[in-house]
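See structure below.
The values are calculated or read from the model by the stated rules, or taken from the named source; none is laboratory data. Just so we're clear, the structure is a prediction, and the values are computed from it rather than from any experiment. Positions of Cβ are backbone-derived with ideal geometry, glycine not excepted, and every protein chain shown enters the neighbour counts.
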Ligand code: 13P
Ligand code: SF4
C-alpha cells in the first residue's frame, strides 16, 4: 500500500514540485534526517534564508558563494540543497556525477525569472565588445551566456580584477548593478531585473524605526533599492551581514534582508536585538516565498526517496560550468 502511495507521489512530482506523501506525525524528523545523512553519505547545504529547523539540521549554512564553494569541495555522495533551484543547479554543474536533491523543485527565484536566456542573448549580442558578469541568481541557460559568474560577496573583487577599460554587462540585478557601479566607479550596462523580496522594503518605515531605535545599525543586502542602501550603516552579502553583527559593538540592528538570517544572528549574538526591516505593505513579504517552500518534511522526504533531484542537459552542464569555475578561481585568488 505504502509503495502505491510513493509511486503515485513520484508520478505527481513534476506537477507538485515535491513528493506529496503523508508522514507519520510521531516520526522524529530531526533523528530521521541524521540517520539518512549517515546511511547515504549525504550532506545538507542550507542558505541563511531557510527556515530555522532546516538550518538546525544542516551540515553547512552559508551565502551563495560559501554554498557553491562547499558544493565544489564536498566528498559526500549526495548533496541535499536546502535553498532555491539556481543554487542546487550550481551544485549539480560543479558535481555532474553526484545526485543533487532539492526538497521542492518549485523553489525558484524572481530575480532568476527576470532574465530569460533567449531575451538576454539578444541584449548581449548588441554589445559584442562587453564582458558579461552575471549574478549567480540566474538559470543555467543564463550562466552559459556569461563570461564570469559572481555573488554579492565577490562581485566587487571580480569587477576590479578586470582591466579598467574593459566594457562590462552586468545582469540580472539592476539594484546590485547600480550599487557596484557606485562602489567601483565602473560604467556597466545593466539588465533590468530585481528581487521581489529586496525591492519591497519601505524607506519611510525603516526611517521611522531608526528614530525609535537611534542606536540601532541599519544593515542591508545590496539587492535593495538605492534609497534604502543610502541610509544603511553597512551593506553586504548575508555572510558579511552576519559577521558584522558579531563583530560590531552595537546592541541593536535593523536587518534589511530576508528574515531567515535572523536565526543565525540570534544564535551567534544572543544578547543583541535584531529587528526585521518592514516591507512596504501589510504582509510579511520580507520572507522569500521561494526559499520558504522548503520545509523539514519535504527535506526528510527528498532524502528518504532521493527525489526530487536536479537533472540537466549534458551540453548545458558543460557550457554553464566555465563561468562558475572562473568565479571560484578569482575568489580563491582574492582569499574570498
Ligand atoms: P547571498 O547569499 O549572496 O547573500 O544572496 C542572497 C540571496 O538573495 C540569495 O538568493
Ligand atoms: Fe531570489 Fe530574492 Fe528569493 Fe533570493 S530572496 S531567492 S534573490 S527571490
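A few remarks follow.
- Restricted to helices (runs of 4 or more DSSP H) entirely inside region 173-238, those with at least 1 residues that are within 16 Å of ligand 2 (Cβ to nearest atom) are 174-184, 226-230.
- Any hit, region 49-61, residues being in contact (Cβ under 8 Å) with a residue 24 or more places away in the chain, within 28 Å of residue 319 (Cα to Cα), touching a helix residue (DSSP H, G or I) at 6+ places or on another chain (Cβ under 6 Å) and within 14 Å of ligand 2 (Cβ to nearest atom): no
- Being under 14 Å from residue 135 (Cα atoms), crowded, with 21+ Cβ neighbours inside 10 Å and under 18 Å from the mean Cα position of the chain (by Cα) holds for only one residue in 223, 258, and it is 223.
- Filtering region 192-244 to residues that are touching a strand residue (DSSP E or B) at 6+ places or on another chain (Cβ under 7 Å), away from ligand 1 (no atom under 16 Å from the Cβ) and within 21 Å of residue 110 (Cα to Cα) leaves only 202.
- Take the conditions (1) within 14 Å of residue 309 (Cα to Cα); (2) within 16 Å of ligand 1 (Cβ to nearest atom); (3) in a loop (DSSP other than H, G, I, E, B); residue 153 misses just one of them, which is (1).
- Residue list for region 245-261, filter: in contact with a helix residue (DSSP H, G or I) (Cβ under 9 Å, 6 or more places away or on another chain) and not in a loop (DSSP other than H, G, I, E, B): 245, 246, 253, 254, 255, 256, 261
- In the set 246, 254, only one residue is away from ligand 2 (no atom under 14 Å from the Cβ), outside the structural domain of residue 61 (by TED's automatic domain parsing) and closer than 27 Å to residue 177 by Cα; that residue is 254.
- Odd one out for residue 23 among (1) without any contact (Cβ under 8 Å) to a residue 40 or more places away in the chain; (2) within 26 Å of residue 288 (Cβ to Cβ): (1)
- Residue that is assigned to a helix (DSSP H, G or I), in contact (Cβ under 8 Å) with a residue 12 or more places away in the chain and either within 16 Å of ligand 1 (Cβ to nearest atom) or touching a helix residue (DSSP H, G or I) at 6+ places or on another chain (Cβ under 9 Å) (or both), where the choices are 159, 169: 159
- Exactly one residue out of 105, 65 is in contact (Cβ under 8 Å) with a residue 60 or more places away in the chain and away from ligand 1 (no atom under 16 Å from the Cβ), and it is 105.
- Boolean, residue 146 is within 24 Å of residue 314 (Cβ to Cβ) and either within 16 Å of ligand 1 (Cβ to nearest atom) or part of a loop (DSSP other than H, G, I, E, B) (or both): yes
- Residue in region 67-75 that is modelled with pLDDT of 95 or more, more than 19 Å from residue 104 (Cβ to Cβ), within 16 Å of ligand 2 (Cβ to nearest atom) and buried (at least 19 other Cβ atoms within 10 Å of the Cβ) present: yes
- The lone exception for residue 46 - which of (1) within 16 Å of ligand 2 (Cβ to nearest atom); (2) without any contact (Cβ under 8 Å) to a residue 60 or more places away in the chain; (3) surrounded by fewer than 20 Cβ atoms within 10 Å (Cβ to Cβ) it fails: (3)
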